[in-house]
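The values are calculated or read from the model by the stated rules, or taken from the named source; none is laboratory data. Predicted model only: the values in this text are computed from it and were never measured. Please note: Cβ atoms are built from the backbone with ideal geometry, for glycine as well, and neighbour counts cover all protein chains shown. Heavy atoms of the whole protein, side chains included, go into the accessibility calculation; ligands, DNA and RNA do not. Shrake-Rupley method; radii C 1.70, N 1.55, O 1.52, S 1.80 Å.
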Amino acid sequence: MRPEEEIETLSRAILKEAEVDAGQIKDEAKVRADAIRQHAQEQAEKERVDILQQARQEAERLRSQTVASAQLKARTMQLEHREKLLDRVFDSAKQKLSAIQKRSDYSKLVAQLLREALIQLNASKAVVRADGVTQKILNDGVLRDVSKELKAEVAIGDALEEGTGVIVDASDGHLHFDNTLETRLSRLQSQLRSSVYHVLMGEKL
């Protein structure tokens, strides 16, 4: 075989081997590309699922938060309405307390108001201040009877500028007990609020 023919044969052999290697490389590259693409798809799907799950959890958290906030707001508004309603009721009741003085048994109530105040102060000497109507009842014998009952020396002081009932001061001036009907109502108000609200709502106590 001539040298030229040997070179030609050798060249063809080299080219053929190169084509085979190139094919193998191409096939391997395709396999690797497919594997990378598959992995990428699987990773993307996993991330999509994770994102959706996080989104659902966040949506549920926001929904629960919104519901709780709405319930709290509704409860607050309900309580505010209740308190305003009760305040109006007690204010109205306070405005009508002076009408109690027209009752036939008001003198008994005055005696009880004075008696309670003196017992609370535990004073042997005291000064009682009262509104005009109550002061007349005290002077008509109630003051004398209660003083005798409790063995206390009680004098009539200045008339009250406001309030219905009595305020009693110990003779030393350090202690006093406000037993006007308005103050008594204020003292009882916190205890009565629940019961009054149930009555307003038509509920049985």
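Remark: pairs (first residue in segment 59-83, assigned to a helix (DSSP H, G or I); second residue surrounded by 10 or more Cβ atoms within 10 Å (Cβ to Cβ); Cβ separation under 7 Å; 6+ apart in sequence or on different chains) = Arg82/Tyr197.
Cβ-Cβ distances below 6 Å connect the following pairs, each with a first residue in segment 126-146 that is part of a loop (DSSP other than H, G, I, E, B), a second residue that is surrounded by fewer than 21 Cβ atoms within 10 Å (Cβ to Cβ), and a separation of six or more residues or different chains: Asp131/Leu160. Residues satisfying the criterion are present in segment 98-108 (criterion: within 25 Å of Ser190 (Cβ to Cβ) and of a type in the set (A, V, I, L, M)).
State which residue pairs qualify: first residue surrounded by 13 or more Cβ atoms within 10 Å (Cβ to Cβ) and inside segment 176-205, second residue polar (S, T, N, Q) and modelled with pLDDT of 85 or more in any location, beta carbons under 7 Å apart, and separation of 6 or more residues or different chains. So the pair list comes out as Phe177/Gln120; Thr180/Thr164; Leu181/Thr164; Glu182/Thr164.
Return the pair list, or none, for Cβ contacts closer than 8 Å from residues in segment 85-99 that are touching a residue at least 60 places away in the same chain (Cβ under 8 Å) to residues that are open to solvent by less than 50 Å² (accessible area, probe 1.4 Å) and of a type in the set (S, T, N, Q), at least 6 apart or on different chains. Taking only residues 6 or more apart or on different chains, the pairs are Phe90/Gln189; Leu97/Thr164; Ser98/Thr164. If you go through segment 113-129 and keep only what is exposed (fewer than 15 other Cβ atoms within 10 Å of the Cβ) and not β-branched (Val, Ile, Thr), you end up with Gln120, Asn122, Ser124, Lys125.
Here segment 158-184 is the region considered, the condition is being part of a helix (DSSP H, G or I) and in contact with a helix residue (DSSP H, G or I) (Cβ under 6 Å, 6 or more places away or on another chain), and the residue that is nearest to Glu80 (Cα to Cα) is Glu182.
Restricting attention to segment 1-43, the residues that are assigned to a helix (DSSP H, G or I) and exposed (fewer than 10 other Cβ atoms within 10 Å of the Cβ) total 3. For Arg61, state whether it is within 27 Å of the chain's Cα centre (by Cα), under 30 Å from Ala130 (Cβ atoms) and open to solvent by 80 Å² or more (accessible area, probe 1.4 Å). Judged against the criteria, Arg61 is not a match. Can we say Leu86 is under 27 Å from the mean Cα position of the chain (by Cα), open to solvent by less than 50 Å² (accessible area, probe 1.4 Å) and closer than 30 Å to Gly202 by Cα? In short, yes. Scanning segment 172-200 for residues that are modelled with pLDDT of 75 or more, touching a Lys or Arg at 6+ places or on another chain (Cβ under 9 Å) and over 30 Å from Leu160 (Cα atoms) yields a total of 0. For Gln191, the conditions (1) closer than 30 Å to Glu80 by Cβ; (2) assigned to a loop (DSSP other than H, G, I, E, B) are fulfilled apart from (2). Taken over segment 158-175, the residue count meeting the criterion of being open to solvent by less than 20 Å² (accessible area, probe 1.4 Å) and more than 24 Å from Phe90 (Cβ to Cβ) is 2.
Of all the numbered requirements in (1) at pLDDT below 95; (2) among the hydroxyl-bearing types (Ser, Thr, Tyr); (3) open to solvent by less than 50 Å² (accessible area, probe 1.4 Å), Thr134 misses one, and that requirement is (1).
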